[in-house]
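Q: Got a structure here, written out as structure tokens. Questions coming.
The values are calculated or read from the model by the stated rules, or taken from the named source; none is laboratory data. Owing to the predicted nature of the structure, the values given are computational and were not obtained by experimental measurement. Neighbour counts are summed over all protein chains in view; Cβ atoms, including those assigned to glycine, are modelled from backbone coordinates with ideal geometry. For accessibility, only protein heavy atoms count, side chains too; no ligands or nucleic acids. Shrake-Rupley method; radii C 1.70, N 1.55, O 1.52, S 1.80 Å.
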Amino acid sequence: MTSKQVSDEELLNVFRASSRPFMLTSDVVDNVAIQKRAVQKRLSQLEDDGRLEYREAGSAHIWWLADGEPTEPVGTRGARYLRAAKQARRFTSFARLVATSSAGIAVFVMVSYLFLAEVPNSQIPFYTKTEVVELAFIAALVAVLGIIAWGSLGLTAYLLPRIAAERTRS
């Protein structure tokens, strides 16, 4: 059997079916029909994807399921939910960035406006006070939408692995 014929879920199911909370690379090799080097490469990729965690203890490589991964074996029906959860985690990070950046811009623009409001006949070059308020409002609106997306995607990324595990059981 080649490395590509063993799915990520099959590799992760070795961890899920184990009675121990962690496994050595050799333990995983003993449970799948692919060569040690291919297993090491696949486990490293799963770590890069955030699905496994890894530590070295001397010459031993110790692996365990990452937080948020189902602890019960997942079939191919559940795998698509896990892929969707991975995408949701990626978009969550982007939504957080948009929300915090927009909120910072809104605060900066409003503080600038408040400063200008205290100075008689003041004006930011190229912008009137009305345009500054409109810009702050738009930035605040984008921040609110980013916060909503951040929360929604975070909840989705949290729930999908649990749905995957539930679908496998039924």
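Q: Which of these, S26, S112, S59, has the largest mean-square fluctuation under a Gaussian network model of the chain (Cα springs below 10 Å)?
A: S59
Q: Residues of segment 1-80: accessible area per residue at 1.4 Å, in Å²?
A: With all protein chains present, segment 1-80 gives 59 Å² per residue.
Q: How far is helix 76-118 tilted off the main Cα axis of the chain, in degrees rounded to 10, range 0 to 90?
A: Result, in degrees: 20.
Q: Most fluctuating residue of T100, T92, T128 in a GNM of the chain with Cα springs under 10 Å: which is it?
A: Greatest mean-square fluctuation among the candidates belongs to T128.
Q: Would you please put 60-69, 15-24 in order of how densely packed they are, using the mean number of other Cβ atoms within 10 angstrom per residue and starting with the highest?
A: Per-residue Cβ counts within 10 Å, averaged per peptide and sorted highest first, yield 60-69, 15-24.
Q: Moving on. Give me the net charge for the shell around A60: Cβ to Cβ below 14 angstrom, other residues only, Lys and Arg +1, Asp and Glu -1. The partial results should precede the final answer.
A: Details: positive: R20, K36, R55; negative: D27, E56.
Spelling it out: positives minus negatives among the neighbours equals +1.
Q: Probe radius 1.4 Å, ligands and nucleic acids left out: which of L153, L82 has the largest accessible area, and how do the rest follow? Let's see the in-between values first.
A: On the way: L153 45, L82 10 Å².
So the residues, ranked largest to smallest area, are L153, L82.
Q: Which ³J(HN,Hα) values, rounded to whole Hz and listed in residue order, are derived for segment 142-150 from phi using the Karplus coefficients 6.51, -1.76 and 1.60 in 6.51 cos²θ - 1.76 cosθ + 1.60 with θ = phi - 60°, glycine and proline given as x?
A: 4, 4, 5, 5, x, 5, 4, 5, 4
Q: On average over all directions, what projected area in square nanometres does the chain have, based on the convex hull of its Cα atoms?
A: For the Cα atoms of the chain, the hull's average projected area reads 14.5 nm².
Q: If you don't mind, there's one more thing I want to ask. Springs between alpha-carbon atoms under 10 Å, Gaussian network over the chain: tell me which of A85, A99, A38 tops the mean-square fluctuations.
A: Between A85, A99, A38, it is A38 that shows the largest mean-square fluctuation.
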